[in-house]
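**Q** Have a look at this one.
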Amino acid sequence: MLVQQILKAKGDIQVVTIVPGTLVQDAAKVLAERRIGTVVISADGTTADGILSERDIVRELGKRGPQCMSDKVDDMMTSNLVTCTRAENADVVLQKMTEGRFRHMPVVEDGVLVGLITLGDVVKARLTELAMEKDALQGMIMGH
């Protein structure tokens with residue numbers, strides 16, 4: 001299965017972005033209000049400059065306490081992004097996420113942010129694919 005198929009199945013592929021310089025407390029508020037696990041940092045709304053997850057915030061809270069909430073997202077975000085394209089295979093994306101120990105991956109083509117997929121999206125797509133294969137095999141065995 002390709003990333004494009006996963007994005008299509010998700011329906012709403014709009015990526016939530018915030019601008020550099022945003023306070024971490026404001027980013028956390030966006031995450032909570034939108035009920036999402038990550039936000040992409042983008043100066044223009046079309047490029048991915050960085051990514052900030054709930055995990056990043058919790059890690060800093062554990063290290064430094066609540067004063068980190070006054071920091072700018074620029075100081076806490078991951079700026080060395082691992083991205084994929086719509087044409088990539090979901091298995092490759094799953095491997096990258098597993099090896100990198102992250103759960104969100106921006107989909108970028110020609111420098112433009114076109115979507116965001118999660119580990120859950122990839123697992124769901126793979127389970128759907130396996131169920132279809134199982135049904136096809138059962139149909140072949142049963143002669144349907």
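The values are calculated or read from the model by the stated rules, or taken from the named source; none is laboratory data. This structure is a prediction, so every number in the text was calculated from the model and none was measured. Cβ sites come from the backbone with ideal geometry, for glycine too, and all protein chains shown count toward neighbours. Protein only, heavy atoms only, side chains kept; ligands, DNA and RNA dropped before computing areas. Shrake-Rupley method; radii C 1.70, N 1.55, O 1.52, S 1.80 Å.
**Q** Which of the three applies to the range 91-144, rounded, prolate or oblate, going by the alpha-carbon gyration tensor with a ≥ b ≥ c and a/c under 1.5 meaning rounded?
**A** prolate
**Q** Then there's this: Which one of Thr83, Thr47, Thr22 has the biggest mean-square fluctuation once the chain is modelled by GNM with Cα springs under 10 Å?
**A** Looking only at Thr83, Thr47, Thr22, the largest GNM fluctuation is found for Thr22.
**Q** Still on this structure, please answer the following. With θ taken as phi - 60° and the coefficients 6.51, -1.76 and 1.60, list the Karplus ³J(HN,Hα) couplings across the range 92-105 in order, rounded to whole Hz; mark glycine and proline as x.
**A** 5, 5, 4, 5, 4, 5, 5, 5, x, 6, 9, 10, 9, 9
**Q** Sticking with this one: Could you tell me which trypsin sites (Lys or Arg not before Pro) in the range 35-144 are loop residues by DSSP with no more than 13 other beta carbons within 10 angstrom of their beta carbon?
**A** Passing both the DSSP loop test and the Cβ count: Arg35, Arg101.
**Q** Among the lysines, which have Cα under 26 Å from the Cα of Lys10 when same-chain residues fewer than 8 positions away are ignored?
**A** Of all the lysines, those that pass the test against Lys10 - Cα under 26 Å, at least 8 places apart if same chain - are Lys29, Lys96, Lys124, Lys134.
**Q** Using θ = phi - 60° and the Karplus form 6.51 cos²θ - 1.76 cosθ + 1.60, what ³J(HN,Hα) does each residue of the range 40-50 get, whole Hz, x for Gly and Pro?
**A** 8, 8, 8, 5, 10, x, 10, 10, 9, 8, x
**Q** Quick one: which residues, 5 or more positions from Leu2 or on another chain, have an amide H under 5 Å from its amide H? H modelled 1.01 Å from N in the peptide plane, none for Pro or chain starts.
**A** Sorted by chain and number, the residues that satisfy this are Ala90.
**Q** Relative contact order for the chain using alpha-carbon pairs under 8 Å, separation at least 6, rounded to a whole percent?
**A** The normalised contact order for the chain reaches 27 percent.
**Q** Specify the residue with the greatest mean-square fluctuation among Ser70, Ser42, Ser53, computed from a Gaussian network of the chain linking alpha-carbon atoms under 10 Å apart.
**A** Looking only at Ser70, Ser42, Ser53, the biggest GNM fluctuation is shown by Ser70.
**Q** Further question on the same structure: What FRET efficiency comes out for Thr85 versus Met1 if R0 is 22 angstrom and r is the Cβ-Cβ distance? Round to the nearest 0.05.
**A** 0.95
**Q** Going by amide H atoms built from the backbone, whose H comes under 5 Å of the H on Gly50, apart from near neighbours?
**A** For Gly50, whose amide H was placed from the backbone, the distant partners under 5 Å are Ile41.
**Q** Using each residue's phi in the range 56-66, evaluate 6.51 cos²θ - 1.76 cosθ + 1.60 at θ = phi - 60° and report the 3J(HN,Hα) Karplus result to the nearest Hz, with x for Gly and Pro.
**A** In residue order, the calculated couplings are 4, 5, 4, 4, 5, 4, x, 7, 10, x, x Hz.
**Q** Apply the a/c threshold of 1.5 to the C-alpha gyration tensor of the chain and tell me whether it is rounded, prolate or oblate.
**A** Here the chain falls in the prolate category.
**Q** Also, quick follow-up: Just from its helices, what would the mean residue ellipticity at 222 nm be for the chain, if runs of 4 or more DSSP H residues each count -39500 (n - 2.57) and the sum is divided by every residue, rounded to the nearest 500 deg cm²/dmol?
**A** The helix-only estimate for the chain comes to -14500 deg cm²/dmol at 222 nm.
**Q** With every protein chain kept in place and ligands, DNA and RNA left out, what is the accessible area per residue of the range 1-92? Probe 1.4 Å, answer in Å².
**A** I get 57 Å² per residue for the range 1-92.
**Q** Pick from Pro106, Pro66, Pro20: which is most flexible by mean-square fluctuation in a GNM of the chain where alpha carbon atoms under 10 Å apart are linked?
**A** Pro66
**Q** Under a 5 Å amide H to amide H cut-off, with H placed in plane at 1.01 Å, what residues pair with Glu109 once short-range neighbours are removed?
**A** Here the answer is Val114, since their amide H atoms fall under 5 Å of that of Glu109.
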